[in-house]
Amino acid sequence: GEPKSALTQVLKAVELSEEPDATVYDHLGDIYASLNDREKAKEAWSKSLSIEGNEAVRKKLVAAETR
């Protein structure tokens, strides 16, 4: 319910992760989408998919690209 606060926390998680985490990037995409930053959301979801295939994330990315 507080995307700006969540953004700070998830960006910190990205920074502190030793290896990229698909779930963290998925959540980052969700947060950017809730903040109406579609480009950053697409980047985050793409990164998530490059780490690990996930149909739900793929659907979010396709939906964001067709808007």
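Distance between the 7 Å Cα→Cβ label points at ARG38 and SER5: 2.9 nm.
Per-residue extension of 0.36 nm, minus the Cα-Cα distance of THR23 and THR66, leaves a gain of 13.2 nm for this segment.
What would the Debye equation give as log₁₀ I(q)/I(0) for the chain at q = 0.25, 0.28 Å⁻¹, counting only Cα atoms as equal point scatterers? Per q value, in the given order, log10 I(q)/I(0) is -1.07, -1.24.
Here, each number is a calculation from the coordinates, and none is a lab measurement. Only a predicted model underlies this, so the values are computations on that prediction, with no experimental measurement involved. Heads up, the Cβs are rebuilt from the backbone with ideal geometry, glycines too, and the neighbour counts pull from every protein chain shown.
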